[in-house]
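The values are calculated or read from the model by the stated rules, or taken from the named source; none is laboratory data. Given the structure is predicted, the values throughout are model-derived calculations rather than measurements. Positions of Cβ are generated from backbone atoms using ideal geometry, with glycine treated the same way; all protein chains shown enter the neighbour counts.
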């Protein structure tokens, strides 16, 4: 049974916040941070105000999240104030219920702060705090009616979570966290490029774009290593990346290696030569031990997580692996996860890995759908209830 | 330089202090912490003295009218919920010591053996630097490690 109801969904990620009213087609994706530019000394840029910034080199980030958890509340407050303002994504919380996401195992004092700030500062009428993964899983269930289980892999900015959902409920004992996310990959890329060719340690923003544009997940790591070792034409992996100069070029781009240097053009352009960096960086998600992190990679963690689930649920989990989060956008990610899980899983079971069209906003769309559910109003806490019963009710109702 | 046929690796190794296992682990941990950094450089506006009137965020303008409650400043929330990540983890372990919790959710070590890559070029490595234990793949890489391309930025891996 569906009810037409507007809800405001805020998928509050550590890197971007996905925000919007449930009846809009897509959420707005707003960087969840405040940035300072060297070129613009008069003001900091909040969220997507960065688009106004001419010269985004040497960008300085002030982030509300640390290791995936909200700790800098003053920063978050400023970003939220901007997001909910008329300039960005106006919200009327006195009429529209709010769905806001939190990470798994969010710490109790952060949960209390969330509840307090939304009820007392933003004066919400009713609130639902929920894990982003619950929303993704809900979305998956709506799109694939009849599926009993779903194994969610959320590779975000701060970390990657592997979470088994059985009949729509997460099995907390099965949750596995790998402390590798987009932030670490960008920082690692920055380090190796700075060591090998050009000092780019100050250019997190630009190097993040390099990572997004040029990196891919290898399907056969050591074969690609051999290719990257070759010279000239035989090396099909090496690429040049033209760095932005912020006068004629705002965003860099990948281009194939040109043996004949076009004089003049390349004098003005600053170029990074990318070779094995293109696939050794995303490889860390599959082998965190490459960097000295003694944790499993994603496929191994998937099988480990499914291993603690009830035996009767395991075939369904293997057949419904769902990838979300920005890091699942690397080309080849889905294929690699599927191939590795296939080789580890019992051979009589089906393995199927799904990558949604937009893995970044998938949870937000789940939240928008959940708002239409007839059960929705039973899940939320209203301001009257909060004022009556305080935090204890919220801990009872919200399963974070 | 290349006149004498002797091992540069062994010769240098005698001069350098050899790091013990604990120091190597410390160095490794530091390297991992560096990967969590938000910024490498300092705040470019740190030297600016901000006028108190400058950062006008929405709330101060709206709350002025007939509304009874004055919106709290960002500073209020900073003070109200001031807790570092380490404090939060510690608190969680005290209040919620039984799994599943944040600590127990961490993925266990892999069963697959570690792979080794050259700290300089990223290709597979077969050798280890004697003083510090970093991996490298060739004499060429070891030499380059002593002369990183940019002097201002030294990781000093080997």
Query - Residue within the stretch A:27-50 that is in contact with a strand residue (DSSP E or B) (Cβ under 7 Å, 6 or more places away or on another chain), away from chain B (no Cβ under 14 Å) and part of a loop (DSSP other than H, G, I, E, B) present - result: yes
Query raised in the report: What residue, among those in the stretch B:127-158 that are under 20 Å from residue A:281 (Cα atoms) and over 22 Å from the mean Cα position of the chain (by Cα), is modelled with the highest pLDDT?
Result: B:137
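Could we say that residue B:62 is at the interface with another protein chain (Cβ under 7 Å from one of its Cβ atoms) and modelled with pLDDT under 80 here?
Considered against the rule, which asks whether it is at the interface with another protein chain (Cβ under 7 Å from one of its Cβ atoms) and modelled with pLDDT under 80, residue B:62 comes out as no.
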Report summary line: Among B:85, B:81, the single one that is in contact with a helix residue (DSSP H, G or I) (Cβ under 7 Å, 6 or more places away or on another chain), closer than 19 Å to residue A:113 by Cα and surrounded by 12 or more Cβ atoms within 10 Å (Cβ to Cβ) is B:81
Query raised in the report: How many of the residues making up the stretch A:208-223 are touching a residue at least 60 places away in the same chain (Cβ under 8 Å) and assigned to a loop (DSSP other than H, G, I, E, B)?
Result: 5
Query raised in the report: Quick one: in the stretch A:131-171, which of the residues that are without any contact (Cβ under 8 Å) to a residue 12 or more places away in the chain and not in a loop (DSSP other than H, G, I, E, B) is farthest from residue A:305 (Cα to Cα)?
Result: A:143
Report summary line: Quick count over the stretch A:304-335, residues being farther than 18 Å from residue A:158 by Cβ and either without any contact (Cβ under 8 Å) to a residue 12 or more places away in the chain or surrounded by fewer than 22 Cβ atoms within 10 Å (Cβ to Cβ) (or both), is 16
Report task. Could you tell me which residue of the stretch A:180-207 is surrounded by the most Cβ atoms within 10 Å (Cβ to Cβ), considering only residues that are more than 7 Å from every other protein chain (Cβ to nearest Cβ) and outside any helix (DSSP H, G or I)? Result -> A:180
Query raised in the report: Regarding residue A:65, is this residue within 20 Å of residue A:207 (Cβ to Cβ) and in contact with a strand residue (DSSP E or B) (Cβ under 7 Å, 6 or more places away or on another chain)?
Result: no
Requested in this report: Give the residue that is surrounded by the most Cβ atoms within 10 Å (Cβ to Cβ), with candidates limited to residues of the stretch A:88-105 that are facing another protein chain (nearest Cβ under 10 Å) and at pLDDT 95 or above.
Outcome: A:103
Query raised in the report: Has the stretch A:58-70 got any residue that is more than 21 Å from the chain's Cα centre (by Cα), more than 10 Å from every other protein chain (Cβ to nearest Cβ) and more than 23 Å from residue A:127 (Cα to Cα)?
Result: no
Requested in this report: Scan the stretch A:351-358 and give yes if some residue there is assigned to a helix (DSSP H, G or I) and either surrounded by fewer than 16 Cβ atoms within 10 Å (Cβ to Cβ) or in contact with a strand residue (DSSP E or B) (Cβ under 9 Å, 6 or more places away or on another chain) (or both), otherwise no.
Outcome: no
Report summary line: Flagged in the stretch A:1-21 as in a loop (DSSP other than H, G, I, E, B) and within 20 Å of the chain's Cα centre (by Cα), in numbering order, are A:13, A:14, A:15
Report summary line: Going through (1) at pLDDT below 95; (2) in a loop (DSSP other than H, G, I, E, B) one by one, residue A:116 fails only at (2)
Requested in this report: Answer with yes or no whether residue A:79 is in a strand (DSSP E or B), outside the structural domain of residue A:247 (by TED's automatic domain parsing), in contact (Cβ under 8 Å) with a residue 60 or more places away in the chain and within 22 Å of the chain's Cα centre (by Cα).
Outcome: no
Report task. May I ask you to verify whether residue A:341 is surrounded by fewer than 24 Cβ atoms within 10 Å (Cβ to Cβ), part of a helix (DSSP H, G or I) and either at negative phi or in contact with a helix residue (DSSP H, G or I) (Cβ under 7 Å, 6 or more places away or on another chain) (or both)? Result -> yes
Query raised in the report: Is it true that some residue in the stretch A:229-238 is facing chain B (nearest Cβ under 8 Å) and either under 16 Å from the mean Cα position of the chain (by Cα) or under 30 Å from residue A:341 (Cα atoms) (or both)?
Result: yes
Query raised in the report: If the Cβ limit is 6 Å and pairs must be 6+ apart or interchain, which residue in the stretch B:103-121 that is outside any loop (DSSP other than H, G, I, E, B) pairs with which residue that is surrounded by 14 or more Cβ atoms within 10 Å (Cβ to Cβ)?
Result: B:106/A:177; B:117/B:125
